[in-house]
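Heads up, the thing below is written out as structure tokens.
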2 protein chains.
Amino acid sequence: MQDKYGDVQVTAKKDVVGEKIFNQLNLGFQDCILVRGKLKKFAKAPNGVELIPSEVKILNKAPEKLPIDITGVTDSELDLRLDNRVLDLRNPRNQAVFQIQHVLLKSIRDYLCDQNFTEIVTPKIIGSATEGGTELFPIMYFDKEAFLSQSAQLYKEQLVSDFEKVFELGACYRAEKSRTKRHLCEIYTLDLEIAFADQHDVMNVLENLIHYCHTQIKEKCESELKSLKRWETFEVPEVPFPRYSYTEILHLLEKKANFKIPWGEDISTEAYRELEKILPSFYFIPDWPMSMKPFYIMKNQDDPKISQGFDLQKGWLELVSGGTRVHNKEVLAQQLREKKLNPASFESHLRAFDFGMPPHAGCGLGIGRWLLIITGVEDIREAIFFPRTPDRLTP
Amino acid sequence: MQDKYGDVQVTAKKDVVGEKIFNQLNLGFQDCILVRGKLKKFAKAPNGVELIPSEVKILNKAPEKLPIDITGVTDSELDLRLDNRVLDLRNPRNQAVFQIQHVLLKSIRDYLCDQNFTEIVTPKIIGSATEGGTELFPIMYFDKEAFLSQSAQLYKEQLVSDFEKVFELGACYRAEKSRTKRHLCEIYTLDLEIAFADQHDVMNVLENLIHYCHTQIKEKCESELKSLKRWETFEVPEVPFPRYSYTEILHLLEKKANFKIPWGEDISTEAYRELEKILPSFYFIPDWPMSMKPFYIMKNQDDPKISQGFDLQKGWLELVSGGTRVHNKEVLAQQLREKKLNPASFESHLRAFDFGMPPHAGCGLGIGRWLLIITGVEDIREAIFFPRTPDRLTP
């Protein structure tokens, strides 16, 4: 018999417990029961005790044949597991993943609260297509068209002018038809934004946040990491994390992996896989070309082709995107135009820059991807309770 | 000059700081500046010190005439304030409201984590109209129709069979054309659900949670409560909270307020206002008629007209709805039919009850309403950063 806290052996000999209880305990796997009885020392039982039942209640039955194996002995196919997600989540491996997520979320908040960040909650229903993306889910909002928010970006920037250091843990939505192991349509993200700060301040906060959370997980999730076979390899990374500019990364790829990428082009997944062999842990890539960063990222003051945007990588996987933001309204409007976006569509956002907007910087981080890094799970659909992908809308 | 942590007097005499700095400090309200200088003791200054500037940078300007008054001297009209929400949030009153929210959210999580609840994150995009409501926002999900989730109800019930004690702080969506001071279209709620528990267990958790959070706020938010003029009246309520069954409430209304409601009918806002005169603090109303509770609420075993659902009131305001849930699949399908809902539409949910679903109970609570209770703010649109109502989709 098991519950959230562990298991216990129930021993029922017919001549000790009587025929009624003996027959009641003719149970199937995953039946839900209540047992009253006496605990007895028994060295051979798994926890050194056994329970001798005096009362049994069958609370709910499970069918004899379950649609998937949740013992971890046979691996069922992922789609079948997701179709039966409630059952799948009882797999000890999944129990471990989400117990670790629980500790991770708590650690993130504890750290940021301790650093005087204010928790914010931004709207997910938005009136216009922010960030100009076409990858938006449209909603019928009474008789108006609206959209699901792609990110908390604009709202957290606005709120940084009120609360100086803000964070949000919330959902964002991407109508991308990506079918990779690292993309979802509904994503749970950490967003943070800091006033009177630049990208370097954000990188400092991030590496210390990751160091803190990994320390907490190492301390509190030993059994979970062991059940995921991660105990030996799970890393509390040293700070500071190394920084390699975009240009240095291209040089590194060419020199050490014979992998040539023309300056100004994106780094492909294939290239990142090569990079992981050279840089297996956490590293920042600052100084991306401005052409590859969104309109709200500030340009390098000496070289406007270079942005003040950075990524944080763990080996091949991009975990965080961030940077120094533009805080001057005219510059922001100009950068919108440079990205072929219409400042008029951002009127409500631009107005927030009228009232003494402080210089600020921030970043966004996918919780699911962080969980992949910690748990070693390979598919992002396993790092969220009920994934939403182009092909999956249930359960 | 002020920031998140307080303010300081900057003193610039032309003959001391020089003409350049003296002229720079010809500033407007809400201009964003950086000042370097020396702190000097000065008994007459607000904090006993003044700052003598040696360097001033103007980081961003604000216009001479701001669209709303944020000093608290003149009250601007709420819609105008919401149109300029970023500025409005600098009002000391709003700063206090959201600092209290910050402490409230942290206290809720600390309490529940300490009680071994697991934090869950449920999808807000759902494939079918759960709970049968017509008050759903439709989404185009690629080429399929989908909806925004009305509540975490079904998912938290499913997850209680995996994690036993679960909670979520997240959004839910109601396409109601209610234009009252207590309804929003995007609501931030606390959902919790407990396995091997009934409504009485949930009521116990709730009253202890509220007691804990109010104690934390009383301890940590003295200046905020004072700035809201709530310090004297803000209450850490005694536990347990009184329980008055629905039928007792009707008797009370008739006897003490001469207000007659036929058994089986809802209690109107007008009646609740009368009740507040008799019961000004927190009280539970259990034993509602089954006809007024949703399909997933369990019936009273002795009298199927009575439900095992309860509300938690603070005076006139309903803060929480909860109850013992049905955990038997056949009973659940039957109750769906009794509510004129089609069990086939709930197939994916019903399947979760196949695998040994434990008896369970839970509740849902609106964070905005709790903030109204704590802060004394009267309109729910002031208790959320960026409200969404039938008439408001921006900012």
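The values are calculated or read from the model by the stated rules, or taken from the named source; none is laboratory data. From a predicted model like this one, the values you see are computed outputs, not experimental measurements. Cβ placement follows ideal geometry from the backbone for every residue including glycine, while neighbour counts extend to all protein chains displayed.
Figures for the structure shown
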{"quantity": "Checklist (1) surrounded by fewer than 16 Cβ atoms within 10 Å (Cβ to Cβ); (2) modelled with pLDDT of 90 or more; (3) under 30 Å from A:S348 (Cα atoms) applied to B:V49, failing item", "calculated": "(3)"}
{"quantity": "Some residue of the range B:182-196 being more than 9 Å from chain A (Cβ to nearest Cβ), touching a His at 6+ places or on another chain (Cβ under 7 Å) and either at pLDDT 95 or above or surrounded by fewer than 22 Cβ atoms within 10 Å (Cβ to Cβ) (or both)", "calculated": "yes"}
{"quantity": "Test: residue in the range B:224-232 that is part of a helix (DSSP H, G or I), under 30 Å from B:K4 (Cα atoms), more than 14 Å from every other protein chain (Cβ to nearest Cβ) and in contact (Cβ under 8 Å) with a residue 60 or more places away in the chain", "calculated": "yes"}
{"quantity": "Failed condition for A:P387, given (1) within 14 Å of chain B (Cβ to nearest Cβ); (2) over 13 Å from the mean Cα position of the chain (by Cα); (3) crowded, with 18+ Cβ neighbours inside 10 Å", "calculated": "(2)"}
{"quantity": "Any chance A:D311 is of a type in the set (D, E), surrounded by 19 or more Cβ atoms within 10 Å (Cβ to Cβ) and away from chain B (no Cβ under 14 Å)", "calculated": "yes"}
{"quantity": "Unique match (being assigned by TED's automatic domain parsing to the domain that holds B:N116, assigned to a helix (DSSP H, G or I) and among the aromatic types (F, W, Y)) among B:Y188, B:Y212", "calculated": "B:Y212"}
{"quantity": "Test set (1) basic (K, R); (2) in a loop (DSSP other than H, G, I, E, B); (3) surrounded by 18 or more Cβ atoms within 10 Å (Cβ to Cβ) - A:R369 fails condition number", "calculated": "(2)"}
{"quantity": "Scan of the range B:159-173 for residues that are among the acidic types (D, E) and within 7 Å of chain A (Cβ to nearest Cβ), ordered by number", "calculated": "B:D162, B:E164"}
{"quantity": "Output for the range B:94-151, where each listed residue is more than 30 Å from A:Y111 (Cβ to Cβ), charged (D, E, K, R) and more than 7 Å from chain A (Cβ to nearest Cβ)", "calculated": "B:E131, B:E135, B:D143, B:E145"}
{"quantity": "Test result for A:H200, in contact with a Ser or Thr (Cβ under 9 Å, 6 or more places away or on another chain), part of a helix (DSSP H, G or I) and surrounded by fewer than 17 Cβ atoms within 10 Å (Cβ to Cβ)", "calculated": "yes"}
{"quantity": "Filtered residues of the range A:338-347 (kept if buried (at least 18 other Cβ atoms within 10 Å of the Cβ) and either part of a helix (DSSP H, G or I) or of a type in the set (K, R) (or both))", "calculated": "A:F346"}
{"quantity": "Checklist (1) closer than 29 Å to A:A175 by Cβ; (2) more than 14 Å from chain A (Cβ to nearest Cβ); (3) among the aliphatic types (A, V, I, L, M) applied to B:V202, failing item", "calculated": "(1)"}
{"quantity": "Positions within the range B:67-116 being charged (D, E, K, R), in a loop (DSSP other than H, G, I, E, B) and without any contact (Cβ under 8 Å) to a residue 40 or more places away in the chain, in sequence order", "calculated": "B:D69, B:D75, B:E77"}
{"quantity": "The range B:117-149 - residue that is surrounded by fewer than 20 Cβ atoms within 10 Å (Cβ to Cβ) and outside any loop (DSSP other than H, G, I, E, B) and, of those, modelled with the highest pLDDT", "calculated": "B:I125"}
{"quantity": "Within the range B:13-63, tally of residues that are in contact (Cβ under 8 Å) with a residue 12 or more places away in the chain, more than 14 Å from every other protein chain (Cβ to nearest Cβ) and among the polar types (S, T, N, Q)", "calculated": "3"}
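Residue-wise test of (1) part of a strand (DSSP E or B); (2) without any contact (Cβ under 8 Å) to a residue 24 or more places away in the chain; (3) under 30 Å from B:T233 (Cα atoms).
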residue	(1), (2), (3)
B:A271	no, yes, yes
B:E274	no, yes, yes
B:P280	no, no, yes
B:F295	no, no, no
B:D302	no, yes, no
B:D311	yes, no, yes
B:G323	yes, no, no
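Yes/no matrix, rows are residues, columns are (1) of a type outside the set (A, V, I, L, M, F, W, C); (2) buried (at least 21 other Cβ atoms within 10 Å of the Cβ); (3) at positive phi; (4) not assigned by TED's automatic domain parsing to the domain that holds A:E235:
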residue: A:S291; (1), (2), (3), (4): yes, no, no, no
residue: A:P294; (1), (2), (3), (4): yes, no, no, no
residue: A:I297; (1), (2), (3), (4): no, yes, no, no
residue: A:L336; (1), (2), (3), (4): no, yes, no, no
residue: A:H349; (1), (2), (3), (4): yes, yes, no, no
residue: A:P359; (1), (2), (3), (4): yes, yes, no, no
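Let's see how each residue does on (1) in contact with a helix residue (DSSP H, G or I) (Cβ under 9 Å, 6 or more places away or on another chain); (2) of a type in the set (D, E, K, R):
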position	(1), (2)
A:P123	yes, no
A:M140	no, no
A:Q153	yes, no
A:G170	no, no
A:E186	no, yes
A:L192	yes, no
